[in-house]
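The values are calculated or read from the model by the stated rules, or taken from the named source; none is laboratory data. As the structure is a prediction and not an experimental result, all values here were calculated from the model. Here the Cβ is made from the backbone with ideal geometry for all residues, glycine too, and neighbour counts use every protein chain on show. To get the accessible areas, we keep the full protein, side chains included, count just its heavy atoms, and leave off ligands, DNA and RNA. Shrake-Rupley method; radii C 1.70, N 1.55, O 1.52, S 1.80 Å.
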Amino acid sequence: MDYSVKIGGEAGQGIQTIGNTLARVFARSGFDVFTHQDYESRIRGGHNFFYIRLSDKPVTAVREAVDILVALDREGIALHERELSAQGMIIYDSSALKQAYEKPHFLDIPFTALAVEHGGSRIMANTVATGAVLGILGMGRDILEGIIRDTFGKKGEEIVSANINAAAAGHDYAVRHCRRCAFSVPSVSGPKMLIAGNDAIGLGAVASGCRFYSGYPMTPSTGIMLYLAGRANDLGIVVEQAEDEISAVNMALGASFAGVRAMTGTSGGGFALMVEGLSLAAMTETPLIVALAQRPGPATGLPTRTEQADLEFAMYTAHGEFPRAVFAPGTPEQAFYLTNRAFDIAEKYQITAIILTDQYLADSLWTFESFDPAKTVYTEYRLKGDAFKSLPGYRRHAFTDSGVSPLAVPGDAEHVVVTDSDEHDEEGHITEDAETRVKMLRKRLFKKLPLIRQEMEPPIFYGDDNPRVVIAGWGSTYGVMKEAVDLLSGDMSIGMLHFSAICPFPSTGKFDYLSLLKNAEISICVENNATGQFARLMRAETGYEFRARINKYDGRPFTLEGLKGEIDAVTRGL
Amino acid sequence: MPSPEDYKGQPPAWCPGCGNFSILKTFKEAMAELNIMPHEFVIVSGIGQASKFPHYLKCNTFNGLHGRTLPVATGIRLADHAMPVIAVAGDGDCYGEGGNHLIHAIRRNIDVTLFVHDNQVYGLTKGQPSPTSMEGMKTKNQPLGVLSGQLDPMALAVALDCSFVARGFAGDTAHLKDLIKEAVSHRGFSLVDILQPCVTFNKINTYQWYKERVYHLEPAYNPRDRVEAFRRSLEWGERIPLGIIYRNDRPVMEDRIPVLAERPLVRRSFEPPAVEAALKEFY
Ligand SMILES: Cc1ncc(C[n+]2csc(CCOP(=O)(O)OP(=O)(O)O)c2C)c(N)n1
Ligand SMILES: [Mg+2]
């Protein structure tokens, strides 16, 4: 069983509400779920859709074929009817769309009339539609009812029962009228955890002891700030919306200097404004976490769409030479653990760690059994309280073997903590002395860099042991590459390499991924960008050149069929 | 009680005769009289001659980037609101490069004390005009003379309902010391614009020029009258008022954040049970 449900309509019609609710019902029931959101940069009108895939085995990518289309506008039908699978159904409300469709794969359900009749208000039309989808799939209503209670419980019993009745009406209508429906779902046991990339980063920050987050709203990063802001009081976090991204990064540095774990987040344009702050973090050796959620550029680009074109920007931007860490998670689960990793490495080496995602990962919901906080780390690297007090003296930027100087919490002892954006001496005072400059640069860069590189995990390998075809990628393409390998493994010997630790580039010490690539007949680098930035990075870091590249830069993620087709084309005649 | 000597820092690299020397000396005296030890407060500064200030002192120091003093100060204060946070900037630093941050620090009313060493010129980069340079001032960069209007930081701050707005003069240290003490003690955002002669690059606004014009606000002056404060803040040219031009008791940002009620953020330890609870939400 592997079904795809698409809800299409105008912005403001409640597509997200239906989509999120259905995804939660499926996850609580115990199905594997993958969702993707396609939306325009507008609040009302246009055409958006919410895509949900559900299965009884792991699903991690978008499929092109749609089994159930919930059309809230005529555009939805015009755009997506051709995606319908052989058994596919379109449900719609002819009174709302002001048009009736007679073809057999259409089912006209009076969402609004049922909402008024059973729920007492047309607002509940979306609840009717949600119930109808479950009816068509042959699923029960009890889990949906539980979610309705969770969602509306605070608003009182009346609203809860009105929604339950509306959902039941949609469900019953679908069951009674969909004679053609041939869907059936196996029984699975739940619940499963359902989480999107942005929330996983927020949760990862919580699990890492983040105490301060400053940001400026920018799609697709805003979700991280919203997640933390909504829970700040309970979790003891301060979230501040800054006046701009320049302020956001400097506030985070201030908080970090004062002794708390601090983070900021943005997308490309805002990151451009933060660049000077990255350099400041480097010079003052102040730990900093930046979540950078990519969207297509240049400039404002496609604000609500996806791309992987800021890899080089994240790696090389900012003046001066200094180390940084860049992680590119491929799934919400990786986003959670790598956010923890980013915090740990930033604190340990007093550097900036960047978590590089994109709209596709930021907004996509995935299911998991669970995340395990026991697999996260929290180590106190700061010099505090009595340990700081008992020192005979203190120099913030003291030379050490590892290049890492003790980072003290100002005010905890009589020693003062001094740092400077100018080149400085061990105490932190401004200096222009050439010898000190050289020693400081060696300390900050040459001593720390090899230590940081050792911490970078090699790529994950998945597929045939001795693959003839290797596809390689980084970040959000993990899921679609993995399923492509599954799809193709019957026809060819194929495997994939997925990099989520990008900078410093992982060595081959733990896993000789270069030999694997060299032994393959063909290697293909898959990227959601135009010029193959990762392929270029691989060549620069290792001298290895991929034989072929698959690039997509239309602002949309790879689909499973799309990627399979491209791999087929590249490997034809092999 | 500490003595001014306890705040001794590196030897200053300012030009002989610079107004910054007397501000430095006065600041040490004020902090000693306030009984705030070097390790008990932090100075955040930007880039410019003025912003080298904390190096010439002994205190916790974050000497950041040109224009970015206030965001760093805000971050520090939110992380540790038990620590007095003082921001030091030049007029270019704070009113030019960092102008947006000033507006929003005032709006937040974060409890930070900002001293702007206002020499009406860019000192460190050698004599270009600043936002407070007077119209017509000729520099190598402005052979036609400054064409833009002069920024009035006092009027701007009053217009934004800034919690504490004052002007001092480096040539009047007795008065300046009281202002510094008042400003540091004030709860809420304080802006103290300090007229600071630049003996090298500003040949217009000299010690003499200021001395002929400055006057102390009279004892009967009521700094809580915002309309009168706005009128006074506009005074410039023949007569320039020194003293607390405006003050109010607007609620302080730190007081309005429930998370900070119990203790400073930096005093919170890691709480694993919170993580378990946060995880449960996703089922
Ligand atoms: C982003 C950035 N732009 C420009 C400079 C160069 N710069 C350093 S100090 C300064 C102006 C200094 O004037 P002011 O802030 O009034 O301080 P003063 O030296 O007069 O005390 C400038 C433009 C810089 N360091 N950083
Ligand atoms: Mg100046």
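Based on the Cα coordinates of the stretch A:277-429, what is the per residue volume of their convex hull in Å³?
Values: hull volume 21.2 nm³, N = 153.
About 138 Å³ per residue, rounded to a whole number.
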Longest principal axis of chain B (C-alpha) makes with the long axis of helix B:173-185 (C-alpha) an angle, in degrees to the nearest 10, of 20
The answer for trypsin sites (Lys or Arg not before Pro) in the stretch B:33-133 that fall in a DSSP coil and have at most 14 neighbouring Cβ atoms within 10 Å is B:Lys126
The equivalent-ellipsoid semi-axes of the stretch A:2-177, taken as the square roots of five times the Cα gyration tensor eigenvalues and listed largest first in whole Å, are 22, 19, 16
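Explain nothing, just the number: dipole magnitude of chain A about its Cα centre with +1 on each Lys and Arg Cβ and -1 on each Asp and Glu Cβ, in debye rounded to the nearest 20. Before the final figure, lay out each step's value.
Details: 55 positive and 71 negative charges, 145 e Å.
I would put it at about 700 debye.
How big is the Rg/Rh ratio for the stretch A:382-454, C-alpha atoms only, Rh by Kirkwood, two decimals? Could the numbers behind the result be given before it?
On the way: Rg = 13.0 Å, Rh = 13.0 Å.
Using only Cα positions, Rg/Rh for the stretch A:382-454 is 1.00.
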Taking max minus min of the Cα coordinates of the stretch A:460-571 on each principal axis, largest first, gives extents in Å of 34, 32, 21
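Report the B-A buried area as the accessible area lost on both sides summed, probe 1.4 Å, in Å² to the nearest 100.
Using a 1.4 Å probe on protein heavy atoms, the buried area is about 4700 Å².
Expected output is a single nm value to one decimal: the length gained when fully extending between A:Thr508 and A:Tyr553, i.e. 0.36 nm times separation in residues minus the C-alpha distance. What is it?
Numbers: separation 45, 0.36 × 45 = 16.20 nm, distance 3.02 nm.
Stretched out fully, the A:Thr508 to A:Tyr553 stretch lengthens by 13.2 nm.
Restricting to chain B, what percent of DSSP beta bridges are antiparallel, rounded to 5?
Of all bridge pairs located within chain B, approximately 15 percent are antiparallel.
How large is the helix-only mean residue ellipticity at 222 nm for chain B, computed as the sum of -39500 (n - 2.57) over DSSP H runs with n ≥ 4, divided by its residue count, in deg cm²/dmol to the nearest 500? All intermediate terms of the calculation are to be shown ahead of the outcome.
On the way: 8 runs with 79 residues, N = 283.
Calculated from helices alone, the mean residue ellipticity at 222 nm is -8000 deg cm²/dmol.
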So B:Asp249 and B:Lys8, fully extended at 0.36 nm per residue minus their Cα-Cα distance, gain in nm 83.4 nm
Ranking A:Ser507, A:Ala548, A:Ile524 by how far each Cα lies towards the positive end of the charge dipole of the stretch A:482-574 (+1 on Lys and Arg Cβ, -1 on Asp and Glu Cβ), the top one is A:Ser507
Treating every alpha carbon of the stretch B:1-73 as one equal point scatterer without solvent, the Debye formula yields log10 I(q)/I(0) values at q = 0.13 Å⁻¹ of -0.36
So the carbon and sulfur contribution to the accessible area of the protein assembly as shown, 1.4 Å probe, in percent, is 51
Across all Cα atoms of chain A, Rg and the largest Cα-Cα distance (Dmax), in Å, are 25.9, 86
proj_area_mean for the stretch A:1-99 (convex hull on C-alpha atoms), units nm², value 6.3
Over all directions, the stretch A:211-349 yields a Cα convex hull whose mean projected area in nm² is 7.9
Among B:Phe21, B:His104, A:Ser184, the residue whose Cα sits farthest towards the positive end of the charge dipole of the protein assembly as shown (+1 at Cβ of Lys and Arg, -1 at Cβ of Asp and Glu, taken about the Cα centre) is B:Phe21
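For each pair in B:Lys25/B:Lys211; B:Lys58/B:Lys181; A:Lys448/A:Lys518; B:Lys52/B:Lys211; A:Lys6/A:Lys155; A:Lys348/A:Lys384, compute the distance between the two Cα atoms and list the pairs where it is over 23 Å. Walk me through the numbers before you get to the answer.
Numbers: B:Lys25/B:Lys211 20 Å; B:Lys58/B:Lys181 18 Å; A:Lys448/A:Lys518 31 Å; B:Lys52/B:Lys211 26 Å; A:Lys6/A:Lys155 29 Å; A:Lys348/A:Lys384 15 Å.
In this structure, A:Lys448/A:Lys518; B:Lys52/B:Lys211; A:Lys6/A:Lys155 lie more than 23 Å apart at Cα.
Just the accessible area per residue of the stretch A:111-252, please: how many Å² with a 1.4 Å probe?
Working: 5380 Å² over 142 residues.
Ligands and nucleic acids excluded, the figure is 38 Å² per residue.
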Per-residue average of other protein chain Cβ atoms inside 10 Å, peptide A:276-287 -> 2
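Check each of the GluC sites (Glu not before Pro) in the stretch B:184-252 and keep only those in coil by DSSP with at most 13 other C-beta atoms within 10 angstrom; list them in order. Walk me through the numbers on the way to the answer.
Working: sites: B:Glu212, B:Glu228, B:Glu235, B:Glu238; in loops: B:Glu212, B:Glu235, B:Glu238.
Counting only loop positions with at most 13 other Cβ atoms within 10 Å, the GluC sites (Glu not before Pro) in the stretch B:184-252 are B:Glu212, B:Glu238.
What whole-number value in cubic angstrom gives the convex hull volume per residue for the C-alpha atoms of the stretch A:168-215?
On the way: hull volume 9.0 nm³, N = 48.
Given the Cα convex hull of the stretch A:168-215, per-residue volume reads 188 Å³.
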Largest-first ranking of A:Glu432, A:Glu245 by accessible area, probe 1.4 Å, whole protein assembly kept, is A:Glu432, A:Glu245
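For the stretch B:4-258, state the semi-axes of the equivalent ellipsoid (square roots of 5 times the eigenvalues of the alpha-carbon gyration tensor), sorted largest first and rounded to whole angstrom.
Working: eigenvalues 128, 92, 65 Å².
Whole-Å semi-axes of the equivalent ellipsoid: 25, 22, 18.
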When the charge dipole of chain A is computed with +1 at the Cβ of Lys and Arg and -1 at the Cβ of Asp and Glu, the Cα pointing farthest to the positive end, of A:Ile460, A:Ala408, A:Thr21, is that of A:Thr21
In whole angstrom, the spacing between the Cα centers of the stretch A:494-516 and the stretch A:370-449 equals 32
The answer for A:Ile494, listing residues at least 5 apart or on another chain whose modeled amide H is closer than 5 Å to its amide H, is A:Asp464, A:Arg468, A:Val469
Computed over chain B: longest principal axis from alpha-carbon atoms vs helix B:69-79 long axis, angle to nearest 10 degrees, is 30
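Kindly sort A:Ser121, A:Ser189, A:Ser4, A:Ser507 by accessible area of their heavy atoms, largest first, with the probe set to 1.4 Å. Please list the in-between numbers first.
Details: A:Ser121 30, A:Ser189 100, A:Ser4 0, A:Ser507 60 Å².
These residues rank, largest area first, as A:Ser189, A:Ser507, A:Ser121, A:Ser4.
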